[in-house]
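Structure first, commentary second.
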Amino acid sequence: MRRVSEGGGTRGGLRLWEAVQAVPRTLREDLWTVARDPLPSLRWLGRLPHAHAVLFAVLMGLANGNQYEPQFESPMAPAATTAVAMAVTLLVVLQSGAAILALSRPVPAWWLSTLALFLARTVGETKVSHAPLWSWSFPGIALHTFVLFLLALRVRPRVAAEALGLTLLSGVAALAFAPPAQQPSLIQDAVTCATAVVVGASLRGRRVARSQLVEQEVRTADERARRTLLEERNRIARELHDVVAHHMSVISIQAQVAPHLVKEPTDELKENLAGIRESAVEALTELRRVLGVLRSQDAASDGVRHAPQPTLGRLDELVGKVRGTGLAVSTETTGEPRPLPPGVDLSAFRIVQEALSNAMRHAPGAAVRVDIGYRSGGLTLRVTNTAPDRPAPPSPGAGHGLLGMHERTAMLGGELATGPTPDGGYEVTAILPTDTTKPADPGEDAP
């Protein structure tokens, strides 16, 4: 047991010695710097506190100089009196300048203020405050306390505590070299400086916590936006699955039937068609597997997995349902209606559906107009509503309407414009291209 105790004591002593050896290095890393750390401006007051700080430093500097005036009239040689007066004036300027410097470089300002406070006690027969409780003049203590406060506002609490400790040590050393006649105590000075450090560190902690909260809110908003985008893309992918699956099924069936439509097909043709059918079946299987993962996260999709995807042919049905909610909706179609690519047809219906849903949600009592324009090479959708006749109820949360419109339009290479109208309404305009790039006929390049 004695050996264990001796071993434990040895290890404890070694750790204590290592900690003592690390103190100078820690102090050098924390306080031996001239880094610029400007005091941030406030949201509402701007730089008004900075101006107040400069005014405080100037007023305390003038008051500090008045504390030493009786010394200039002491019975000393004129040359000595002048030298002491210049030294005291320089120290007063340094203390006030350190308070101003602390607005941008708190650590160098603290070093300068501590040095000036130490020298103020050791220069000549300095008269301290009229109150014998203070070891230095009250304005001098106020200036140094203000510097400590500005330091604690910008640095970590450990660094502020180190600065406070060195300040008290410098005060003890100053009194040891030049003890005052009034025998004051350092307790009041220590309490004042410690209070300034505690208040400054508390305000800094509150500011850091607020900054971290704002940063967390920004990250949360970004994550919510990213999740919303992924959810909308998954929904679009699930809807387009039926369109792609239909085409792959057609390819597979045509490849299977094609040999029977040719009289005496060659073995090479049969082999190529069989390969096409096999590739189509494999692609369809993989597509269903991938979309199955997406659908597994959406319980509602299981109930509509085999439902046909809507197209503009069901626009009248959609408008009828919206009218049943009390919203006045009118439609107009220009151009010659024609069959559209399945993806374009589905996206056009969804864009009109989302626009009508937004009108019902955000513009109660408004009149809505839906314009469908068939033009050469594209389809134009325009959904506008007038100003609502009553306030809209609060929205339960961030919707996917506009995001879904943008995603669908971008997927097709089209254009989307949304925004308020001059009469207080809202407008959604989408241009969806319908032309697909076809491979060139090999015969066209033949000489």
Checklist line | Residues located in the stretch 326-350, provided they are in a helix (DSSP H, G or I) and either open to solvent by less than 10 Å² (accessible area, probe 1.4 Å) or not basic (K, R) (or both) | finding: P342, G343, V344, D345, L346, S347, A348, F349
Next item on the list: Report yes if some residue within the stretch 136-143 is farther than 18 Å from N66 by Cα and either out of contact with any Ser or Thr (no Cβ under 6 Å at 6 or more places or on another chain) or at pLDDT below 90 (or both); otherwise report no.
Entry: no
Notebook entry, point to check: Of the residues that sit in the stretch 266-278 and are open to solvent by less than 70 Å² (accessible area, probe 1.4 Å) and either out of contact with any helix residue (DSSP H, G or I) (no Cβ under 6 Å at 6 or more places or on another chain) or modelled with pLDDT under 80 (or both), which one is farthest from R408 (Cα to Cα)?
Noted result: L269
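Listed here are the residues, each with its yes/no results for (1) out of contact with any helix residue (DSSP H, G or I) (no Cβ under 6 Å at 6 or more places or on another chain); (2) modelled with pLDDT of 95 or more; (3) loosely packed, with under 14 Cβ neighbours inside 10 Å; (4) of a type in the set (S, T, Y).
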position: S376; (1), (2), (3), (4): yes, no, yes, yes
position: M405; (1), (2), (3), (4): no, no, no, no
position: L416; (1), (2), (3), (4): no, no, no, no
position: P422; (1), (2), (3), (4): yes, no, yes, no
position: P433; (1), (2), (3), (4): yes, no, no, no
position: T437; (1), (2), (3), (4): yes, no, yes, yes
Check: Hey, L164 hits all of (1) surrounded by 16 or more Cβ atoms within 10 Å (Cβ to Cβ); (2) within 30 Å of F149 (Cβ to Cβ); (3) hydrophobic (A, V, I, L, M, F, W, C); (4) modelled with pLDDT under 80 but one; which does it fall short on?
Finding: (4)
Check: Out of the stretch 189-238, which residues are open to solvent by 40 Å² or more (accessible area, probe 1.4 Å), within 28 Å of the chain's Cα centre (by Cα) and among the hydroxyl-bearing types (S, T, Y)?
Finding: S202, S211, T220
Check: Any chance the stretch 302-324 includes a residue that's at pLDDT below 85, touching a Ser or Thr at 6+ places or on another chain (Cβ under 9 Å) and surrounded by 11 or more Cβ atoms within 10 Å (Cβ to Cβ)?
Finding: no
Checklist line | The one condition in (1) out of contact with any strand residue (DSSP E or B) (no Cβ under 9 Å at 6 or more places or on another chain); (2) of a type in the set (A, V, I, L, M); (3) modelled with pLDDT of 85 or more that L48 fails to fulfil | finding: (1)
Checklist line | Residues located in the stretch 209-236, provided they are within 18 Å of I351 (Cβ to Cβ) and of a type in the set (A, V, I, L, M) | finding: L229, I236
Next item on the list: Report yes if some residue within the stretch 38-45 is at pLDDT 70 or above, surrounded by 11 or more Cβ atoms within 10 Å (Cβ to Cβ) and not in a loop (DSSP other than H, G, I, E, B); otherwise report no.
Entry: yes
Check: What are the residues in the stretch 411-429 that are over 17 Å from D345 (Cα atoms) and in a loop (DSSP other than H, G, I, E, B), if any?
Finding: T421, P422, D423, G424, G425
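The values are calculated or read from the model by the stated rules, or taken from the named source; none is laboratory data. The structure displayed is predicted, hence computed values, not measured ones. Virtual Cβ from ideal backbone geometry, glycine too; neighbours counted across all protein chains shown. Side chains are part of the model used for accessible areas, which takes the heavy atoms of the whole protein and leaves out ligands, DNA and RNA. Shrake-Rupley method; radii C 1.70, N 1.55, O 1.52, S 1.80 Å.
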